[in-house]
Amino acid sequence: MADFFDQLSDKHIAFVEQQPMFFVATAAEDARINLSPKGYDSFRVIAPGRVAYLDLGGSGNETYAHLAADGRITIMFCAFENPALMRIGSINALFADFQHYPKPRPSDV
């Protein structure tokens, strides 16, 4: 049976940091379920109750479309050498559409 936590503990964070890859799952109403493997050191624990990852588009960007539709996401980490898994769920995922951000001026870089 699964255990539920409101925030990540130090043990959870250590587990996340040891995993070379993770999976992101999203689904929007009347759309297909999308499950994508992720990696490239793109996941960060910002605080015990806040995480972030850099979504690098691949063959399409269904993840972005689903987040724009309803903001729900599940992130799953699996330890393959010592079977264990952890899921992080969110119903208020934040994302940024960088095409609408002002371009940095040379003095800002």
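The values are calculated or read from the model by the stated rules, or taken from the named source; none is laboratory data. Just so it is clear, the model here is predicted, and its values are computed rather than measured. We place every Cβ from the backbone using ideal geometry, glycine too, and count neighbours over all the protein chains shown.
Structural remarks
- Only listed residue being in a strand (DSSP E or B) and at pLDDT 85 or above, chosen from Ala14, Ala25, Ala69: Ala25
- Boolean, Val51 is in a strand (DSSP E or B), over 9 Å from the mean Cα position of the chain (by Cα) and within 22 Å of Asp10 (Cα to Cα): no
- Residue under evaluation Ile46, criteria (1) part of a strand (DSSP E or B); (2) over 19 Å from Phe5 (Cβ atoms), criterion not met: (2)
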